[in-house]
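S.K.: Quick one: this structure, given as structure tokens, is what I'll be asking you about.
The values are calculated or read from the model by the stated rules, or taken from the named source; none is laboratory data. In this text, all values refer to a predicted model and were calculated from it rather than measured experimentally. So basically every Cβ, Gly included, is an ideal-geometry build from the backbone, and we count neighbours across all protein chains shown.
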Amino acid sequence: MSRAEKLDDDFMLAVEVPLDEIPLIDFAPFLHGSPAERAEVADRIRDACERIGFFNLVGHDVPADLRAALFAQSATFYHQPEEDKLLAAPPPGSFRGFIPQPPAADGAHRSRLFEQFRIQSEWGAIPGLEPELSAIFHQPNRWPPQLPDFRATCMAYYEALGGLGRSLAHAFAIGLDLPEDRLDRYFTRPLNQLTLLHYLSLPDEGGAELSNTVAHTDDGAFTILAQGEVGGLEVRRRDGSWIAVPPIEGSYTINVGDMLMWWSNGRYLSNLHRVKNRGGRERFSIPFFMNPNGDAIIAPIEELVPADEAPTYPPVHVGRHMSRYFVKKG
């Protein structure tokens with residue numbers, strides 16, 4: 001889809017639909033069940049990934065009190081004066097810590113109407129990647145010195161979501177009729193990112209085209225999103241219409257990213273989505289981006305490419321691809 005087509009999409013209103021348009025899947029049988037139960041869950045996940053690229057997940061074993069604690073820390077952080085938040089702003093050349101809403105976010109169509117706090121893996125330099133690009137990924141995380149529990153809560157949650165992500169990678173692989181550990185090799189030093197997002201409500205005078213985040217796909221493998229209490233997430237159907245994805249208490253919203261679509265040779269859909277917070281309240285959400293190793297090469301898995309066909313997507317170097325993302329959007 002071209003940039004112009006994505007812009008046109010942002011003028012289309014989303015509609016409310018039955019919840020089963022974005023299926024609700026219980027992950028507990030996959031984590032704790034028999035081989036047959038695990039296969040059934042993987043089949044449901046595969047169907048959602050092929051149809052719309054999104055599903056909601058319960059039974060994930062992430063402690064509810066840990067998730068609640070992180071939302072509380074996020075609210076505490078964003079309710080501080082701006083000068084206190086800026087104590088955790090990244091230095092030049094880094095993209096971790098507090099990223100304020102740009103001053104130019106004035107309600108124009110392509111404004112970025114949110115602020116964010118980024119936490120990433122600290123693996124060090126990426127083998128084989130140019131030093132100036134590799135440096136993007138081996139900066140230290142930034143932390144607000146005035147919030148004593150912020151770092152520990154973020155890192156405990158980061159580890160918990162990394163574990164859930166590894167289990168989801170097994171389910172994605174089984175759904176593609178691959179060995180469940182087929183993707184493990186790509187996640188030994190993953191470039192995962194946890195982001196605490198804060199969206200103000202869109203102004204009443206904003207037109208239908210105004211979004212907090214415009215239509216986009218996620219660059220990495222997949223995303224595990226905690227939506228919070230206020231809706232606003234919208235997803236594009238294959239027919240081009242948009243649907244609202246309301247939050248479900250205790251669930252995660254999972255979506256396929258570009259790299260999982262490439263691995264699957266296009267079977268899984270990395271789908272356009274956006275945020276329009278028109279609820280009259282501030283919105284908090286916490287996505288965890290499951291990203292492969294920085295030195296990995298992502299291409300359609302050979303077992304999924306028919307012998308008489310060329311792969312649908314060319315090979316992509318993870319670190320080089322994702323460094324472009326930060327240089328462009330950071």
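S.K.: Check Thr188 against each of (1) crowded, with 19+ Cβ neighbours inside 10 Å; (2) touching a strand residue (DSSP E or B) at 6+ places or on another chain (Cβ under 7 Å); (3) among the polar types (S, T, N, Q) and name the one condition it does not meet.
M.R.: Of everything listed in (1) crowded, with 19+ Cβ neighbours inside 10 Å; (2) touching a strand residue (DSSP E or B) at 6+ places or on another chain (Cβ under 7 Å); (3) among the polar types (S, T, N, Q), Thr188 misses just condition (1).
S.K.: In region 73-115, which residues are of a type in the set (Val, Ile, Thr) and either modelled with pLDDT under 85 or under 16 Å from Pro145 (Cβ atoms) (or both)?
M.R.: Thr76
S.K.: From the list Phe172, Phe150, which one is closer than 23 Å to Met322 by Cβ and either surrounded by fewer than 16 Cβ atoms within 10 Å (Cβ to Cβ) or not polar (S, T, N, Q) (or both)?
M.R.: Selected residue: Phe172, the only one of Phe172, Phe150 that is closer than 23 Å to Met322 by Cβ and either surrounded by fewer than 16 Cβ atoms within 10 Å (Cβ to Cβ) or not polar (S, T, N, Q) (or both).
S.K.: Would you please list the contacts, defined by Cβ atoms under 9 Å and residues six or more apart or on different chains, that run from a residue in region 278-293 that is more than 13 Å from Gln120 (Cβ to Cβ) to a residue that is at pLDDT below 95 and assigned to a strand (DSSP E or B)?
M.R.: These pairs meet every condition: Glu282/Tyr199; Arg283/Tyr199; Arg283/Val275; Phe284/Tyr199; Ser285/Tyr199; Ser285/Leu233; Ser285/Val275.
S.K.: Looking at Gly228, Gly266, Gly257, can you tell me which residue is in contact with a Lys or Arg (Cβ under 7 Å, 6 or more places away or on another chain) and of a type outside the set (Ser, Thr, Tyr)?
M.R.: Gly228
S.K.: Just to check your reading of the model, which residue among Arg267, Arg320 is surrounded by fewer than 20 Cβ atoms within 10 Å (Cβ to Cβ), touching a residue at least 12 places away in the same chain (Cβ under 8 Å), more than 20 Å from Glu50 (Cα to Cα) and not hydrophobic (A, V, I, L, M, F, W, C)?
M.R.: Arg320
S.K.: Touching a strand residue (DSSP E or B) at 6+ places or on another chain (Cβ under 8 Å), part of a loop (DSSP other than H, G, I, E, B) and either among the small types (Gly, Ala, Ser) or at positive phi (or both) - does that describe any residue in region 309-316?
M.R.: Within region 309-316, none of the residues are touching a strand residue (DSSP E or B) at 6+ places or on another chain (Cβ under 8 Å), part of a loop (DSSP other than H, G, I, E, B) and either among the small types (Gly, Ala, Ser) or at positive phi (or both).
S.K.: Under 17 Å from the mean Cα position of the chain (by Cα) and of a type outside the set (Ser, Thr, Tyr): is that true of Val235 in this structure?
M.R.: Taking the combined requirement at face value, the residue satisfies it.
S.K.: Also: Working only within region 128-164, note down all residues that are hydrophobic (A, V, I, L, M, F, W, C) and closer than 24 Å to Ile224 by Cα.
M.R.: Matches in region 128-164: Ile136, Phe137, Trp143, Phe150, Ala152, Cys154, Met155, Ala156, Ala160, Leu161, Leu164.
For every residue, the table says whether it meets (1) more than 30 Å from Ser74 (Cα to Cα); (2) surrounded by fewer than 24 Cβ atoms within 10 Å (Cβ to Cβ).
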| site | (1), (2) |
| --- | --- |
| Gly232 | no, no |
| Trp242 | no, yes |
| Met259 | no, no |
| Met290 | no, no |
| Ile297 | yes, yes |
| Thr312 | yes, yes |
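S.K.: Of the numbered conditions (1) surrounded by fewer than 17 Cβ atoms within 10 Å (Cβ to Cβ); (2) over 21 Å from His170 (Cβ atoms); (3) modelled with pLDDT of 95 or more, Ser285 fails exactly one; give the number of that condition.
M.R.: Unmet for Ser285, out of (1) surrounded by fewer than 17 Cβ atoms within 10 Å (Cβ to Cβ); (2) over 21 Å from His170 (Cβ atoms); (3) modelled with pLDDT of 95 or more: (1).
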